[in-house]
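Chemist: Before I ask anything, here is the structure I am working with.
The values are calculated or read from the model by the stated rules, or taken from the named source; none is laboratory data. Keep in mind the model is a prediction, meaning the values are calculated, not measured. Cβ placement follows ideal geometry from the backbone for every residue including glycine, while neighbour counts extend to all protein chains displayed.
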Amino acid sequence: MDKLAIKKRLEKLKSEIEKYRYAYHVLDKSLISDAALDSLKNELEKLERQFPDLITPDSPTQRVGGAPLAKFTKVRHAAPMMSLYDAFSPADMRDWEKRLLKISNFQFPISNFGYYCELKMDGLAVSLVYEKGEFVLGATRGDGEIGEDVTQNLKTIEAIPLVLRRPAQAELKKIGLNSEAIKRFYQIFDHDRLEARGEAIMPNKVFNELNQENEQQGKPKFANPRNAAAGSIRQLDSRLTARRRLDCYIYSLLAPFIKGGQGGFFNTHEQEHKLAKLLGFKVLDKNKFCKNLAEAVKFHDFWQARRHDLPFECDGIVVVVNDLSLWPKLGVVGKGPRYMMAYKFAAEQATTVIEDVIWQVGRTGVLTPTAHLKPVKIYGVTVSRATLHNLDEIRRLGLKIGDTVIIERAGDVIPKVVKVLPNLRAGGEKEIKAPKQCPICYGKVDKAEGEVAYKCLNKNCYAVNLRRLGHWTSKSALDIDGLGPKIIEQLYKQGLARDASDFYKLTAEDLLPLERFAEKSAENLIAAIAAKKEIELGRFLYGLGILHIGEESALMLAKQFQISNFQFPISKQIPNSKFQIPKIKKYFQGLTLDELQNIPDIGPVVAKSIYDWFHEQRNLELLRQLEKNGVTIVSQKSSAGWRIKSQKLEGKIFVLTGGLEQLTRDQAKAKIRELGGDVSSSVSQKTDYVVSGNEPGSKLEKARKLGVKIINEQEFLKMIS
């Protein structure tokens, strides 16, 4: 092959590789496999090594430069890279719109404003300059006027084209250009300079992997994806930047043909985004035109609830006046333009002061420390307490009463302390110590060997017994109507209920002397208790209050029992049978620790807890008394959510986090079980899918760390349809 043929081959390879880059990064389509694309790149690289004089700046091989730079040079921006003003509530946004209406001479409240709303990515703002379609300069924002030349580092980002795509006439017509405008566009494209501005980001997945690597190598971890992206862009060695796998989205174009008004071809900011996509840039498809402020607020609220589903950090939306002809009239004030506003998401973190720490006693006797806080608003909710989990967590944080702390509430019901600010101590802070006696019964407290929790050792602890009785009657267990905490406490004080079996001995005459009871209400409660003498197996096992056994684990145990006893494969319907309590006791007593651990969702700690419970004399006596008082067990009903109708999800374990819009959580669980799948309350290596809804909690982050597949509600609905 002669040199001319080699040159033609090189041009075709570069064009083909760019076509696949555009399809993958801009159109989100994979036209060929990664292996095939690598093969094309390898051929290009080999030919360029043979003929180095044919290497051009737009070649994909030039994305990673040679020797590291000694330092970055300064670059003055053609136009300032401005900051944005912030809004934090719908009222702030309405005030902003009033100011716009006044300046633009609209009569309030009538508004013809339309807004283009964009997700506000949390990364590093960059400027990309092209001359005659070729990438010649990349710079950081800096102080807005002067940034740093980071061209070589930005070239390593695959989402940034090294040469711009030349849109076809039909494509330009489709986004609103007439014939004269198209002619001028090509003239400028071929001979002038174009600047694109956008956000260089580190995707969350890459960030987590990078921090895991650093942890394994004993290196410091990055605080957040934004810091990681900024640090990567400012590496003097572009080869290191390339390994960080950054991404980049464009949100603005600067060129004579972009802006509205005199000499401008376009009318709207939305068209600007469409042109950026045609030129080969990656733009965010989640951005949306909103015809009024109410729609913009709705867009904000929608993504605030789903921010953790995004593959990148996002702290709000940018609301932009869509009509470009209004921009010059609205102008700039101070640090930023009037025609844009950053509408921030509600804070997930805030600082406050620990005023006290109270130890609460649970149904298993475990003492849990809870921080009482100076009230503070987080994520739209006023918070006055936060969980501290256990004394080990308190020591890890280095927490004292009186400390200023950072509180986080990322979709979780109970917020948590994530960091102490020791530099703000005044000297009067108090150390938090483990209690030596139970705060309720004053019994002895001790820490079990191999565990982090402190427990009240008094088997007759008032608080433990009350919570145990309340657990039996709770909605997820027996769900006995009318038997609430206050009535349970009266029964306990009067000696009428010391364990769950005592509920079934009660008579109306026992209840009449108690507060709030008349003849009719006493009869109603006795009838409600009698109605729950026949109980589904999963509810029964959950109601027993076995340590570490939640609703999902209880259902898993129930399923295992029924399949083992009836020898039915998982994909078959289980008959609606009744079981006597001794049969259940005998089955679980006969399981070894290894056999228990083979049950889905059951690990070593939970297995030991089940084993110990069914071998403790006090618990066996409870089972005997429940049977004596007429309690019988039935197999799960379809309404309880897991009689199997299909094998579609057989063997798959799901975890749900956050709220769903089209299904209740119970309906989602029921559907999974009907299709042969299992639901777990916690994320582990055994988990197949995490279904992420609105305001997901810490389970989502754990799933990301473990590499568990995360799906949204729409993907889940498609899966179970």
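Chemist: As an exercise: evaluate Val318 against (1) in a helix (DSSP H, G or I); (2) within 19 Å of Met93 (Cβ to Cβ) and give the number of the one condition it does not meet.
Modeler: Here Val318 clears every test but (1).
Chemist: Somewhere in the range 202-219, is a residue at pLDDT 85 or above, assigned to a loop (DSSP other than H, G, I, E, B) and not charged (D, E, K, R)?
Modeler: Yes, the range 202-219 has at least one match.
Chemist: Look through the range 5-31, keep the residues that are at pLDDT below 75 and loosely packed, with under 15 Cβ neighbours inside 10 Å, and return whichever of them is nearest to Asp58 (Cα to Cα).
Modeler: Of everything passing the filter in the range 5-31, Ala23 is nearest to Asp58 (Cα to Cα).
Chemist: So which helices (runs of 4 or more DSSP H) stay within the range 135-195 end to end and still have 3 or more residues that are surrounded by fewer than 18 Cβ atoms within 10 Å (Cβ to Cβ) and within 41 Å of the chain's Cα centre (by Cα)?
Modeler: 169-174
Chemist: Another one. For the range 668-695, enumerate the residues that are closer than 30 Å to Ile378 by Cα and hydrophobic (A, V, I, L, M, F, W, C).
Modeler: Result: Ala668, Val683, Val690, Val691.
Chemist: Can I ask one more? If a residue must be in a loop (DSSP other than H, G, I, E, B) and at pLDDT 90 or above, how many such residues does the range 255-286 contain?
Modeler: Adding up the residues that qualify gives 8.
Chemist: Could I ask something else about it? Is it the case that the range 340-348 has a residue that's in a strand (DSSP E or B), of a type outside the set (Val, Ile, Thr), surrounded by 19 or more Cβ atoms within 10 Å (Cβ to Cβ) and within 22 Å of the chain's Cα centre (by Cα)?
Modeler: Scanning the range 340-348, I find at least one residue that is in a strand (DSSP E or B), of a type outside the set (Val, Ile, Thr), surrounded by 19 or more Cβ atoms within 10 Å (Cβ to Cβ) and within 22 Å of the chain's Cα centre (by Cα), so the answer is yes.
Chemist: Which residue pairs have Cβ atoms closer than 7 Å, lie 6 or more positions apart in sequence or on different chains, and pair a first residue in the range 693-721 that is on the phi > 0 side of the Ramachandran plot with a second residue that is outside any loop (DSSP other than H, G, I, E, B) and among the hydrophobic types (A, V, I, L, M, F, W, C)?
Modeler: Once the first residue is on the phi > 0 side of the Ramachandran plot and sits in the range 693-721, its partners that are outside any loop (DSSP other than H, G, I, E, B) and among the hydrophobic types (A, V, I, L, M, F, W, C) give Glu695/Ala305.
Chemist: A further question on this structure: How many residues are over 47 Å from the mean Cα position of the chain (by Cα), surrounded by 13 or more Cβ atoms within 10 Å (Cβ to Cβ) and not small (Gly, Ala, Ser) when one looks only at the range 515-539?
Modeler: So the answer is 2.
Chemist: Looking at (1) closer than 25 Å to Ser681 by Cα; (2) more than 32 Å from the chain's Cα centre (by Cα); (3) assigned to a helix (DSSP H, G or I), find the lone condition where Val606 falls short.
Modeler: So Val606 meets the others, but not (2).
Chemist: Determine which member of the set Glu627, Glu551 is within 22 Å of Ser474 (Cβ to Cβ) and either among the aliphatic types (A, V, I, L, M) or at pLDDT below 85 (or both).
Modeler: Glu551
Chemist: Let me ask another. Within the range 668-721, how many residues turn out to be of a type in the set (Asp, Glu) and in a helix (DSSP H, G or I)?
Modeler: Residues in the range 668-721 being of a type in the set (Asp, Glu) and in a helix (DSSP H, G or I): 4 in total.
Chemist: Do you know which of the residues in the range 196-206 that are farther than 14 Å from Phe281 by Cβ and of a type outside the set (A, V, I, L, M, F, W, C) is surrounded by the fewest Cβ atoms within 10 Å (Cβ to Cβ)?
Modeler: Only one residue tops the list, namely Lys205.
Chemist: Would you be able to say whether some residue in the range 293-314 is part of a strand (DSSP E or B) and either among the hydrophobic types (A, V, I, L, M, F, W, C) or over 18 Å from Val418 (Cα atoms) (or both)?
Modeler: yes
Chemist: Of the residues Ser127, Ser89, Ser83, which is among the polar types (S, T, N, Q), over 27 Å from the mean Cα position of the chain (by Cα) and closer than 30 Å to Ala305 by Cα?
Modeler: The conditions single out Ser83.
Chemist: On to the next question. For the range 360-383, which positions are among the hydroxyl-bearing types (Ser, Thr, Tyr), under 30 Å from Trp472 (Cβ atoms) and surrounded by fewer than 17 Cβ atoms within 10 Å (Cβ to Cβ)?
Modeler: Thr368, Thr370
Chemist: Please list, ordered by first then second residue, the pairs with beta carbon atoms under 8 Å, 6 or more apart or interchain, first in the range 445-469 and of a type in the set (Ser, Thr, Tyr), second part of a loop (DSSP other than H, G, I, E, B).
Modeler: Tyr454/Asn390; Tyr454/Ala434; Tyr454/Pro435; Tyr462/Ile440; Tyr462/Cys441
Chemist: I need a count of the residues in the range 488-520 that are small (Gly, Ala, Ser) and touching a residue at least 24 places away in the same chain (Cβ under 8 Å).
Modeler: 3
Chemist: Taking the range 32-51 as the search range and keeping residues that are part of a loop (DSSP other than H, G, I, E, B) and at pLDDT below 75, which one is surrounded by the most Cβ atoms within 10 Å (Cβ to Cβ)?
Modeler: Filtering the range 32-51 for residues that are part of a loop (DSSP other than H, G, I, E, B) and at pLDDT below 75, the one surrounded by the most Cβ atoms within 10 Å (Cβ to Cβ) comes out as Ile32.
Results for (1) of a type in the set (Val, Ile, Thr); (2) in contact with a Leu (Cβ under 8 Å, 6 or more places away or on another chain); (3) farther than 16 Å from Val129 by Cα, shown as yes or no for each residue.
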position: Arg193; (1), (2), (3): no, no, no
position: Asn208; (1), (2), (3): no, no, yes
position: Asn211; (1), (2), (3): no, no, yes
position: Glu215; (1), (2), (3): no, no, yes
position: Lys219; (1), (2), (3): no, no, yes
position: Leu275; (1), (2), (3): no, yes, no
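Results for (1) modelled with pLDDT under 85; (2) not hydrophobic (A, V, I, L, M, F, W, C), shown as yes or no for each residue.
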{"residue": "His300", "(1), (2)": "no, yes"}
{"residue": "Ala305", "(1), (2)": "yes, no"}
{"residue": "Cys314", "(1), (2)": "no, no"}
{"residue": "Ile317", "(1), (2)": "no, no"}
{"residue": "Val320", "(1), (2)": "no, no"}
{"residue": "Leu330", "(1), (2)": "no, no"}
{"residue": "Lys335", "(1), (2)": "yes, yes"}
{"residue": "Ala342", "(1), (2)": "no, no"}
{"residue": "Ala347", "(1), (2)": "yes, no"}
